[in-house]
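A.B. asks: Right, I'll just put the structure down here and ask away after.
The values are calculated or read from the model by the stated rules, or taken from the named source; none is laboratory data. Since the structure is predicted, the reported quantities are computational estimates derived from the model, not experimental observations. Positions of Cβ are generated from backbone atoms using ideal geometry, with glycine treated the same way; all protein chains shown enter the neighbour counts. Surface areas here come from the heavy atoms of the whole protein model, side chains and all, with no ligands, DNA or RNA. Shrake-Rupley method; radii C 1.70, N 1.55, O 1.52, S 1.80 Å.
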Amino acid sequence: MPEPATPATPVTFPPAFLWGAATSAYQIEGAVREGGRTPSIWDTFSHTPGKTAGGEHGDIAVDHYHRYRDDVAMMADLGLNAYRFSISWSRVQPTGRGPAVQVGLDFYRRLVDELLDKGIKPAVTLYHWDLPQELEDAGGWPERDTAYRFAEYAQIVGEALGDRVEQWITLNEPWCSAFLGYASGVHAPGRTDPAASLKAAHHLNLAHGLATSALRAAMPARNSVALSLNSSVVRPVSQDPADLAAARKIDDLANGVFHGPILHGAYPESLFAATELITDWSYVEDGDLRAINQPLDALGLNYYTPALVSAADNDLSGPRADGHGSSEFSPWPGADDVAFHQTPGERTEMGWSIDPTGLHELIMRYTREAPGLPLYITENGAAYDDKPDPDGRVHDPERISYLHGHLAAVRRAVSDGADVRGYYLWSLMDNFEWAYGYEKRFGAVYVDYATLARTPKSSALWYGQAARSGTLPPVPEV
Ligand code: IFM
């Protein structure tokens, strides 16, 4: 059922609900050569000709490294009570192994202290796609040792910040790391090897499990450990058995490959069948599934748009409509017999259809699959072609409408019995949108890339009002 644009009764959230915004290190920090930081795979990739729109990179990004105090003050002024950010591994452990660099850890200590001082609850993501380049040179995520290196890094950060940060997320969207990074190559490190991508997925799962244990050993027991999945809502175009089988296959490759071992301690048998011509999964060693299947304190869900699929006849000549960039190589190993279709409805600047019912569906799915596990929407938002008015203000009523629809879907899920404890808007401010460079603006705050001045868009003010009151304000006419 579509969410009504203007609900008859006010949409009010529980008092303890977290109203946050999210960012990630490479997308906002800049300062890539300061404090002993060394290149990550995204520095290398974005400086490789042809990999990002206009050859853009995160060297300066939005200079958050130097402006973090103002950015935190801006969040406080808006009324947010939570902030999710990621740590740059290359900043705290430049070679991806060995001792930490104190300057790097100190930056995050100062950021966290600033947040706490302003009453904003920090949520730390350990890995948002920026592997130290030295680890990629040693084989990257397809290499088992990377999982052990990640656990060591988790321990370092847990020991440094565990006294002041309660909410921890090991990995952000491991699907993107594995399949956009190693299969379609539209993300760093830009490899196009389906077998390597499945191996990467397993080692990301192992990394999550080992890091969860390392964090628990390094931190006070009160802290919460989770991970953020961009679980796809996969819909078949029809109830035809072939289309249903196509949807199941994509569900395995998008979701089961991660939540299977993480939540249930096993990969789906159907995933092995779908990928048998590509890999034999012999790298799944005895004890791995136990190590991966650690009890979690919460689960983070990132949602943007659903996927619509059908059976295909191996005809990949047309453009793929899965919304994950353009590459002649598929990010779906073993699924050449599946076609992706444009989902109906209005679209954002990313070309992603706007469908809040998918968010409700996703939340209810995990409410059933992981009963008792608190859920957080760790990312949700939209890119629009925002421009300042002559008076310097930035009006983005489409984003307000998007946020209203999705927040109302979250509230409906809570009424339906889901334990959703918070929502992090993607993103606090415009930033480096990976292969799209700075072309796509996801921010609630506008960034003028010439001056780096920040201007809250009308959506930021609307969202701040929601955060302060706990009730969604009306949606202005577009
Ligand atoms: O910008 C990204 C973010 O880094 C991860 N999730 C999706 C966002 C929008 O594409």
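A.B. asks: At 0.36 nm per residue, minus the direct Cα-Cα distance, what do A453 and S326 gain on full extension? Give it in nm, one decimal, please.
C.D. replies: Details: separation 127, 0.36 × 127 = 45.72 nm, distance 3.18 nm.
Answer, rounded to one decimal: 42.5 nm.
A.B. asks: Heavy atoms only, probe 1.4 Å: what % of the accessible area of the chain goes to carbon and sulfur, would you let me know? Before the final figure, lay out the partial values.
C.D. replies: Values: 9210 of 17680 Å².
The C+S portion of the solvent-accessible surface of the chain is 52 percent.
A.B. asks: Let's test this: bin the Cα-Cα distances of the range 32-124 at 5 Å from zero up to the farthest pair and state each bin's percent.
C.D. replies: All Cα pairs considered, the percentages come to 3, 13, 20, 20, 17, 14, 10, 3, 0.
A.B. asks: Provide the per residue accessible area, probe 1.4 Å, for the chain, rounded to a whole number of square angstrom. The partial results should precede the final answer.
C.D. replies: On the way: 17680 Å² over 478 residues.
Value for the chain: 37 Å² per residue.
A.B. asks: Determine, from the Cβ-Cβ distance of E477 and D77 and an R0 of 30 Å, the FRET efficiency 1/(1 + (r/R0)^6), rounded to the nearest 0.05.
C.D. replies: On the way: r = 26 Å, r/R0 = 0.87.
E between E477 and D77, to the nearest 0.05, is 0.70.
A.B. asks: With charges only on Cβ, +1 for K and R and -1 for D and E, what is the dipole size of the range 204-343 about its Cα centre, in debye, rounded to 20?
C.D. replies: Values: 7 positive and 17 negative charges, 165 e Å.
Charge dipole, the range 204-343, about its Cα centre: 800 debye, nearest 20.
A.B. asks: Another question, then. Report, by chain and number, residues whose modeled amide H sits under 5 Å from the one on M429, excluding near sequence neighbours (fewer than 5 apart, same chain).
C.D. replies: It is A444, V445, by chain and number.
A.B. asks: Go through P388, P356, Y366 and say which Cα lies farthest out towards the positive end of the charge dipole of the range 345-391; charges sit on Cβ, +1 for Lys and Arg, -1 for Asp and Glu.
C.D. replies: Toward the positive end, the furthest listed residue is Y366.
A.B. asks: Can I ask one more? What is the dipole size for the chain, taken about its Cα centre, with +1 at each Lys and Arg Cβ and -1 at each Asp and Glu Cβ, in debye to the nearest 20? Let's see the in-between values first.
C.D. replies: Values: 38 positive and 62 negative charges, 267 e Å.
I would put it at about 1280 debye.
A.B. asks: Just going by the charge dipole of the chain, with Lys and Arg at +1 and Asp and Glu at -1 on Cβ, which of A460, L111, T125 is farthest out on the positive end?
C.D. replies: Of A460, L111, T125, it is L111.
A.B. asks: Go ahead and estimate [θ] at 222 nm for the chain from helices alone: -39,500 (n - 2.57) per DSSP H run with n ≥ 4, summed, over the residue count, rounded to 500. Before the final figure, lay out the partial values.
C.D. replies: Numbers: 14 runs with 159 residues, N = 478.
Computed ellipticity for the chain at 222 nm equals -10000 deg cm²/dmol.
A.B. asks: Same structure again: Within the range 285-385, what percent of beta bridges assigned by DSSP are antiparallel, to the nearest 5?
C.D. replies: 55
A.B. asks: Expressed as a whole percent, how much of the Cα-Cα distance distribution for the chain exceeds 37 Å? If you can, show how the numbers build up before the last one.
C.D. replies: Details: 22922 of 114003 pairs.
Pairs farther apart than 37 Å: 20 percent.
A.B. asks: Treating only the Cβ atoms of Lys and Arg (+1) and Asp and Glu (-1) as charged, compute the dipole magnitude of the range 374-478 about its Cα centre; round to the nearest 20 debye.
C.D. replies: Numbers: 11 positive and 14 negative charges, 72 e Å.
Here the size comes out at about 340 debye.
A.B. asks: State the antiparallel share, in %, of DSSP beta bridges confined to the chain, rounding to the nearest 5. Provide the component values of the computation, followed by the final result.
C.D. replies: Numbers: 10 of 45 bridges.
For the chain, the DSSP antiparallel bridge percentage is about 20.
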